[in-house]
Amino acid sequence: MLTFVTTNPGKVAEAEEYLGAVEQFDFDYTEVQADTLGEVAAHGARQAHRATGEPVIVDDAGLFVDAFDGFPGPYSSYVEDTVGVERVWRMTEPEDDRGAAFKTVIAYCDGEGFEATPEPVDRERRGQDLSADERGAATTDEQVDGEDLPVKLFEGSVPGEIVAPRGDQGFGFDPIFEHDGTTFAEMDTAEKNAVSHRGRALAKLAEWLETSERLE
Ligand code: ITT
């Protein structure tokens, strides 16, 4: 069974819709202060695999607000704990661009190397002619920051807008993130997964696990 290394039960509930039962391992890996989610997730996955010896996944996510040049991004957890979710919304000025994106990177590590596999691309974008930037957003890195343990990364992102808080489902910044007129906190897990950053990354991971027969 796959071990999901996280302190956040909301992430586990979303993951189980794609992966079946996973074992939650509440392991507080050192979150390196890095500028990209991939670096944080890869570092965590290596550390957690070394600690457990099991196939593990780590998910590092963040809210990227256009009016703040992408802040809080990789620092979202710290900002939720210090500033708080509602105040992030209140920090935006009425004239500000309301655009934002949620992004996540899931890092998989089982201590083994990887065969070359096709880059995972969002299902709905397959066959489309993606720009270099968009291809970058859908890229899988098999080795990052030159360390020894190979890590495979699965990215997902979703565009939306920052709004006054609505809804009481989900977790974290869900109440202030609106996608197509509905905040993530107004969606149940299945509705959120169908459009969310994490749902997109999980779909790529689930497909890769199946085709690579990694867990059998
Ligand atoms: P772990 O690191 O233990 O997995 P975490 O909740 O700290 O749990 P992240 O560092 O990935 O996870 O999350 C950064 C912040 O973004 C944190 O405040 C989360 O609550 C929030 N967040 C992550 N995914 C989210 C989502 O799908 N919806 C709303 N907020 C989310």
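The values are calculated or read from the model by the stated rules, or taken from the named source; none is laboratory data. No experiment lies behind these values; they were computed from the predicted model shown. Cβ placement follows ideal geometry from the backbone for every residue including glycine, while neighbour counts extend to all protein chains displayed.
Note on the stretch 46-67: residues that are in contact (Cβ under 8 Å) with a residue 24 or more places away in the chain and away from the ligand (no atom under 11 Å from the Cβ) amount to 12. Give the residues of the stretch 1-13 that are within 13 Å of the ligand (Cβ to nearest atom) and either in contact with a Cys (Cβ under 9 Å, 6 or more places away or on another chain) or part of a loop (DSSP other than H, G, I, E, B) (or both), sorted by residue number. Scanning the stretch 1-13 gives THR6, THR7, ASN8. Residue pairs whose Cβ atoms lie under 6 Å apart, separated by 6 or more positions or on different chains, with the first residue in the stretch 70-99 and within 10 Å of the ligand (Cβ to nearest atom) and the second among the hydrophobic types (A, V, I, L, M, F, W, C) and in a loop (DSSP other than H, G, I, E, B), are VAL85/PHE173. Within the stretch 166-216, being more than 12 Å from the ligand (Cβ to nearest atom), more than 30 Å from GLU54 (Cα to Cα) and either polar (S, T, N, Q) or assigned to a loop (DSSP other than H, G, I, E, B) (or both) holds for ARG166, ASP168, ASP180, GLY181, THR182, ASP188.
Among the residues of the stretch 17-45, how many are among the acidic types (Asp, Glu), free of Cβ contacts under 8 Å to residues at least 60 places away in the same chain and over 22 Å from TYR75 (Cα atoms)? Result for the stretch 17-45: 1. Looking at the stretch 51-69, is at least one residue within 16 Å of the chain's Cα centre (by Cα) and more than 26 Å from ALA190 (Cα to Cα)? No, every residue in the stretch 51-69 fails to be within 16 Å of the chain's Cα centre (by Cα) and more than 26 Å from ALA190 (Cα to Cα).
Can you find even one residue in the stretch 27-35 that is aliphatic (A, V, I, L, M) and either in contact with a Gly (Cβ under 6 Å, 6 or more places away or on another chain) or within 10 Å of the ligand (Cβ to nearest atom) (or both)? Checking the stretch 27-35: not a single residue is aliphatic (A, V, I, L, M) and either in contact with a Gly (Cβ under 6 Å, 6 or more places away or on another chain) or within 10 Å of the ligand (Cβ to nearest atom) (or both).
Go through the residues of the stretch 206-216 one by one and say whether even a single one is surrounded by 21 or more Cβ atoms within 10 Å (Cβ to Cβ) and over 30 Å from GLY84 (Cα atoms). No - not one qualifying residue is present in the stretch 206-216.
Is it the case that the stretch 157-170 has a residue that's under 23 Å from TYR18 (Cβ atoms), modelled with pLDDT under 95 and more than 18 Å from the chain's Cα centre (by Cα)? No; the residues of the stretch 157-170 include none that is under 23 Å from TYR18 (Cβ atoms), modelled with pLDDT under 95 and more than 18 Å from the chain's Cα centre (by Cα). Only residues that are assigned to a helix (DSSP H, G or I), over 23 Å from ARG166 (Cβ atoms) and touching an Asp or Glu at 6+ places or on another chain (Cβ under 9 Å) were counted in the stretch 74-115, giving 2. Total residues in the stretch 14-43 satisfying the condition of being within 18 Å of ARG198 (Cβ to Cβ) and part of a loop (DSSP other than H, G, I, E, B): the figure is 5.
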